[in-house]
Each structure stands twice: as C-alpha cells, then as structure tokens.
1. Which peptide among 53-63, 23-33 comes first, and what is the full order, when sorted by highest mean count of other Cβ atoms within 10 Å?
2. What are the ³J(HN,Hα) couplings of the stretch 44-60, residue after residue, when phi is run through the Karplus curve with 6.51, -1.76, 1.60 and θ = phi - 60°? Round to Hz, x for glycine and proline.
3. Which order results if Tyr44, Tyr22 are arranged by neighbouring Cβ count within 10 Å, fewest first?
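Read-outs throughout are calculated quantities, based only on the coordinates presented, and are distinct from any laboratory measurement. Predicted model only: the values in this text are computed from it and were never measured. A quick note on method: Cβ atoms are made from the backbone with ideal geometry, for glycine too, and the neighbour counts reach across all protein chains shown.
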Amino acid sequence: MLLKAGYLHPSNKSLCPLILVYINQGNTIKALEAFELICEKYKYAHAFTVLTKSIVLAEDASLLQRFIDVAIKVHKLT
C-alpha cells in the first residue's frame, strides 16, 4: 500500500521483510510465493540467500526448481 501510494520505493528495506516474515514462520512455500510476486512485479531478487538456504534445508527439489526459474528470469540469464 505504501509502495503504491508513492511513500516508499521498491528497495531491499521495503521488500525483503515481505519474504522474511514467512521464512521466520517456517513457511518456505509462502516465502517463495512472495519472492515470485516481488520478482515479477519489481524485477528484484530480495532475500535471495536466506530463501535459498530455507529451500535447501526443506529438501524440496520442486521448490528449488521454481526458485531457480524465477531467479534466472530476474537476472536475465535465459
């Protein structure tokens, strides 16, 4: 809401907590969904290392593949 109103600009300080809140709750799937949304909307890959660690510790190959696909799109390595 604050981003939309122009009070905040997309940055690490304003977008990273949207992902970290789910990681701190132990909800890696929701964290990845928030990461995907932020990457699509703002073209930023915030909380990259923390999310990577969370996904690797979850030992879920499908989540890791989704994460890699989104990261590749953002960093334009396709």
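1. Put in order of decreasing packing, that is 23-33, 53-63.
2. After applying 6.51 cos²θ - 1.76 cosθ + 1.60, I find 10, 10, 8, 6, 4, 5, 5, 5, 4, 4, 4, 5, 5, 5, 6, 6, 10 Hz.
3. Going from least to most buried by this count: Tyr44, Tyr22.
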